[in-house]
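Student: Structure provided below as structure tokens; questions to follow.
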Amino acid sequence: MNSGVKFVFILIVSIELTFILNARINFIVAIIAAVYLMLSRLTWQRYLLLVLMPILPVLGAWTSFSTYGTHNMAIVMATRIVAYIYLGAAFSFTTNMVDLLNTLEQKWHLPTTFVYGLRGALTFVPRVKQEIKTIHIAALMRGEHLSFYSPQLFFKAILISLQWSTRLSTAMVSHGFTENAPRTHFQSVVIQKRDWLIAVSLLVILQLMIAYL
């Protein structure tokens, strides 16, 4: 499914769950999202994360609503949290963010400057992590130990990031980037009719479940 269509679909489902006090609907949505994640062949670390992540918020919601609310409301809130977590994972763990940004730019006319800013940030994340490791190792060679919360460590990383952003901006301008100007694309995004058909069909099924369960 196209990344943009998937984003809209999951957003609509999440909003609907907010206004529905039905534990069975929450449970079914969570199961469907979990099956989708199983079929996506993620790493075992991510599957372990999906098992452990809901435990604390579910226990918190269950304890709170069981103590100060009703047993039925506790079940609804606990299952809703699981559904939200698995829906979010179904999007974030299976979606290429570059493809999503390309769809937002080309099909939904998100400002090009905003899209390229986000793409630049995504590109910088692994480089910043590597740079922090390099700074940490360089400090150890000088006999200094920089903890992960050391201001000196992050100050140096921020300075390097500012240098990268300036270079990136200069490179984009030198290659002809102009804000709000028409642009061609090396890879055009095409949303298949099948993607919309799948999303609409699943939404119709959800409405039927809400009406009859």
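The values are calculated or read from the model by the stated rules, or taken from the named source; none is laboratory data. Being a predicted model, the structure only gives us computed values, none of them experimental. A quick note on method: Cβ atoms are made from the backbone with ideal geometry, for glycine too, and the neighbour counts reach across all protein chains shown. With ligands, DNA and RNA removed, areas are computed over all heavy atoms of the protein, side chains included. Shrake-Rupley method; radii C 1.70, N 1.55, O 1.52, S 1.80 Å.
Student: Which lysines, if any, have their Cα less than 18 Å from the Cα of K193, not counting same-chain residues under 8 positions apart?
Tutor: Those lysines meeting the cut-off are K6, K107.
Student: Another question about this same structure. Could you state the orientation-averaged shadow area of the convex hull built on the Cα atoms of the range 134-189, in nm² to one decimal?
Tutor: It is 6.6 nm².
Student: Quick one: check the C-alpha center-to-center distance for the range 178-201 versus the range 60-95, whole angstrom.
Tutor: Centre-to-centre (Cα) distance: 33 Å.
Student: While we're looking at this one, here's another question. Report the percentage of all Cα-Cα pairs in the chain whose separation exceeds 31 Å, rounded to a whole percent.
Tutor: 44 percent
Student: Roughly what would the spin-label model give for L159 and S64, points 7 Å off Cα along C-beta, in nm?
Tutor: Those two pseudo-labels are separated by 4.3 nm.
Student: Which lysines, if any, have their Cα less than 16 Å from the Cα of K156, not counting same-chain residues under 8 positions apart?
Tutor: Straight-distance partners of K156: K129, K133.
Student: Over the chain, what relative contact order in percent results from Cα pairs under 8 Å that are six or more residues apart?
Tutor: About 28 percent, as a whole number.
Student: Placing one identical point scatterer on every Cα of the range 12-116 and ignoring solvent, what is log10 I(q)/I(0) from the Debye formula at q = 0.09 Å⁻¹?
Tutor: Those come out to -0.31, one per q.
Student: Which chymotrypsin sites (Phe, Trp or Tyr not before Pro) from the range 178-213 combine a DSSP loop assignment with at most 10 other Cβ atoms within 10 Å?
Tutor: Loop-located and lightly packed - F186.
Student: Tell me, what is the per residue accessible area of the range 66-213 in Å², probe radius 1.4 Å?
Tutor: Value returned for the range 66-213: 68 Å² of accessible area per residue.
Student: So what's the Cα pair-distance distribution over the range 110-213, bin width 5 Å, in %?
Tutor: Spelled out bin by bin, the range 110-213 gives 2, 9, 12, 13, 10, 9, 9, 9, 9, 8, 6, 3, 1, 0 percent.
Student: Across bins of 10 angstrom width beginning at 0, how are the C-alpha pair distances of the range 1-53 distributed, in whole percent?
Tutor: 20, 45, 33, 2
Student: Using the basic label-point model (7 angstrom from Cα toward the beta carbon), what is the V98 to N22 distance in nanometres?
Tutor: Simple spin-label model gives 4.1 nm for this pair.
Student: Further question on the same structure: Could you order peptides 30-40, 65-75 by the average number of other Cβ atoms within 10 Å of their residues, highest first?
Tutor: Most protected by this proxy first, the peptides run 30-40, 65-75.
Student: Another question about this same structure. Give me the percent of accessible area attributable to carbon and sulfur for the chain, probe 1.4 angstrom.
Tutor: Looking at the chain in its full context, I get 69 percent from C and S.
Student: Kirkwood-based Rg over Rh for the range 156-213 (C-alpha set), two decimals?
Tutor: 1.37
Student: Between Q192 and A171, what's the calculated FRET efficiency when r is the beta-carbon distance and R0 is 25 Å? Round to 0.05.
Tutor: 0.15
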